[in-house]
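Here is the structure we will look at, set down as C-alpha cells.
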Amino acid sequence: VDVNFHVERVLGNLFLLRVDDARVRFFEALWEIPEGVTYNAYLLTTEEGAVLFDGWKQEFSDAFVEALQRLIDPRDIRAVVTHHTEPDHSGTTGKLAEVAPRALFVGHPIAGRILRSHFGVERFKPLMDGEALELGGYRIRAVHTPWLHWPDSIVTSIEGEGVLLTCDVFGSYSIPPLFDDQADLAKLSRSIRKYIITVIGHYIDWIPKGIEKVSKAVGRPRIIAPGHGVVYRSNPQWVVEEYLRVASGQPVKGKVVLTGLTMYGNVGKAMETVREEMEANGWRAVYYGFNDKERPPISEVLTDASDAELLIIGTPVYEAQPHPIIDHLIKLIAAKLPHRKSMPILILASYGWSPGATGKHVSELLIKQGFSRVMIIDFEGAQLKPSIEDELQALIAR
Ligand SMILES: Cc1cc2nc3c(=O)[nH]c(=O)nc-3n(C[C@H](O)[C@H](O)[C@H](O)COP(=O)(O)O)c2cc1C
Ligand SMILES: [Fe+2]
Ligand SMILES: [Fe+2]
C-alpha cells in the first residue's frame, strides 16, 4: 500500500515527520473528513542523541520507522516526548519501543498511565507542568494544557529556538502543504474551525485558558509546530487568533443554518418555505437537507452552526421522538457547541398523530444542557403556518 509521508527540516536540527492520511473517512470513527488529515511528529537531533516528539497512527508504523531512518539510527533516540496519548499520535509507540530500545518516554503522569495500559510502556518519566527536559544542549520545557484535547495534553517549547510543539492544539483537518506560507489560508481557516468544533468542541472553553497559560509560560513563539496540518513558520500568530475566534463563539451577523430531515417530504417542504422567508428577510441561509437520497456530513453542519446567529432544525416525529438522525445531531450540538448556549434554536416538528411529542425530548437534550433560547413549533403533516416570523422574533428577543 502506498503511504505518503514527508521528512522536512523545520529549522536547525528540528525535523517534521508527517504522514498524510487520505484513507481515513471518519475521524474518531465519527467525523466525515473526505479531505483527510495529517499526523505530524517531530525529531530534534543533538550531539547526545535524538528527541522524538509524538508519532503517527498505528497503521503507519512501518513508514514511521522508514521516516526516522532517513534522519537517524532509531537506536539513537534518547527521549520520546508524548504530548498526548490519543493513538492518532501515539499508535506507533509499540513499534517505536522495538526499534528504539534506549528511549525514555516523557510526558504528563496521565500520559504515563495510558502509555503503560495501552502500549505496555515501562520506561516512563513524568515531565510536570513547567519542568524541562535537557539533552545535548537543548532545554525542552513542558506546559500542561489540560483538555486540549485530553487531561494528559502538554505542549513543549524548545527554549532559545522559539519553537512551540503543540500536538492537537492549533491542529486542523485536510492534507495541506507543509508550511503556512504555502497554504490557502481561507481553506485552512475552514479546516481549523471544523477540527476545533468536532475534536475539541466539548472542551472549547479550555482554548483561551490554555493559550493564555502557554503565552505566560513561554512567550510568543516564532514557530508553531502542531500535530495535524501545516507548520506555522511565517505567521504563527494567525493560527492563535483563528483558535481564539472560533472559541469565542462570535456569530457571523445574519447567518442562519437550516437543517432538516424529511422521510416523505413534509418537513422538506416546510424547510423550503422557511428558507425562502428567511432569505426574503435578509438572512444568509446555509442549508443542509437530509432525506432518503442525501445525508450531508454532520461534521459540516456543526462547523456551520458554530458561527451561526440562528439555528433552525426540522424533523418528523418518529416513534414519539425526533427522527433518530436528528436526535443524534441535536445530541452532538449539545455536546460540541457548549460555547453557543445562547444561540437561538428553533425546532420545527411535523407529526402525524401525536402533537407535542418531540418537545419533552428536545428539552431534555438542549435545555437541560443549558441552552437557554430553544423553541419548538409542532405542526401536523404538511401544515406549517405560512409565516414563522412572530415566533422567530419572540425567540430572538429572549
Ligand atoms: C417510521 C415512522 C414513525 C412515525 N412515528 C410517529 C409518531 O410517533 N408520532 C406522530 O405523531 N407521527 C409519527 N409519524 C408520522 C410522521 O411524523 C409524519 O407523517 C410527518 O409529517 C412526516 O414528515 P416527512 O414527510 O417530512 O417525513 C411517523 C412516521 C414514520 C414513517
Ligand atoms: Fe486528540
Ligand atoms: Fe490528534
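The values are calculated or read from the model by the stated rules, or taken from the named source; none is laboratory data. Not measured: the values here are computed from a predicted model. Reconstructed Cβ throughout: ideal geometry from the backbone, glycine too, with neighbour counts over all protein chains shown.
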Fill in: Pairs, first under 18 Å from Asp129 (Cβ atoms) in the stretch 99-119, second at pLDDT below 95 and assigned to a helix (DSSP H, G or I), C-beta under 7 Å, six or more apart
none
Worksheet entry | Residues (assigned to a loop (DSSP other than H, G, I, E, B), touching a helix residue (DSSP H, G or I) at 6+ places or on another chain (Cβ under 7 Å) and more than 16 Å from ligand 3 (Cβ to nearest atom)) located in the stretch 73-100 | Ala100
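Just give me the residues in the stretch 139-157 being part of a loop (DSSP other than H, G, I, E, B) and charged (D, E, K, R), in sequence order. Walk me through it before giving the result.
Within the stretch 139-157, the subset part of a loop (DSSP other than H, G, I, E, B) is 145-153.
Residue satisfying the conditions is Asp152 alone.
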Discussion item. If Gly260 satisfies all but one of (1) of a type outside the set (Asp, Glu); (2) part of a strand (DSSP E or B); (3) over 25 Å from Ser191 (Cβ atoms); (4) out of contact with any Gly (no Cβ under 6 Å at 6 or more places or on another chain), what's the number of the condition it fails?
Written reply: (4)
Practice prompt. Considering only residues that are among the small types (Gly, Ala, Ser) and closer than 26 Å to Pro87 by Cα, look in the stretch 156-190 and name the one that is farthest from ligand 1 (Cβ to nearest atom).
Written response: Ser157
Practice prompt. Starting from the stretch 163-174, keep only residues that are outside any loop (DSSP other than H, G, I, E, B), then list their pairs with residues that are within 11 Å of ligand 3 (Cβ to nearest atom) and among the basic types (Lys, Arg) whose Cβ atoms are within a distance under 9 Å, requiring at least 6 positions of separation or different chains.
Written response: none
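Taking the stretch 214-237 on its own, how many of its residues are part of a loop (DSSP other than H, G, I, E, B) and either of a type in the set (A, V, I, L, M) or in contact with a Phe, Trp or Tyr (Cβ under 8 Å, 6 or more places away or on another chain) (or both)? Give the derivation first.
From the stretch 214-237, those part of a loop (DSSP other than H, G, I, E, B) are 219-222, 227-230, 233-235; that's our starting set.
Applying the additional criterion that residues be either of a type in the set (A, V, I, L, M) or in contact with a Phe, Trp or Tyr (Cβ under 8 Å, 6 or more places away or on another chain) (or both) yields 227-230, 233-234.
Residues flagged as part of a loop (DSSP other than H, G, I, E, B) and either of a type in the set (A, V, I, L, M) or in contact with a Phe, Trp or Tyr (Cβ under 8 Å, 6 or more places away or on another chain) (or both) within the stretch 214-237 amount to 6.
Given Pro296, Pro355, Pro316, Pro386, which one is closer than 23 Å to Tyr195 by Cα, more than 16 Å from ligand 3 (Cβ to nearest atom) and not aromatic (Phe, Trp, Tyr)?
Details: Pro355 fails: closer than 23 Å to Tyr195 by Cα; Pro316 fails: closer than 23 Å to Tyr195 by Cα; Pro386 fails: closer than 23 Å to Tyr195 by Cα.
That would be Pro296, the only listed residue that is closer than 23 Å to Tyr195 by Cα, more than 16 Å from ligand 3 (Cβ to nearest atom) and not aromatic (Phe, Trp, Tyr).
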Discussion item. Of the residues Val99, Val80, Val121, only one is within 18 Å of Lys57 (Cβ to Cβ), more than 16 Å from ligand 2 (Cβ to nearest atom) and within 27 Å of the chain's Cα centre (by Cα); which?
Written reply: Val80
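Can we say Asp168 is among the acidic types (Asp, Glu) and either closer than 23 Å to Pro208 by Cα or within 16 Å of ligand 2 (Cβ to nearest atom) (or both)?
Working: among the acidic types (Asp, Glu): yes; either closer than 23 Å to Pro208 by Cα or within 16 Å of ligand 2 (Cβ to nearest atom) (or both): yes.
Yes.
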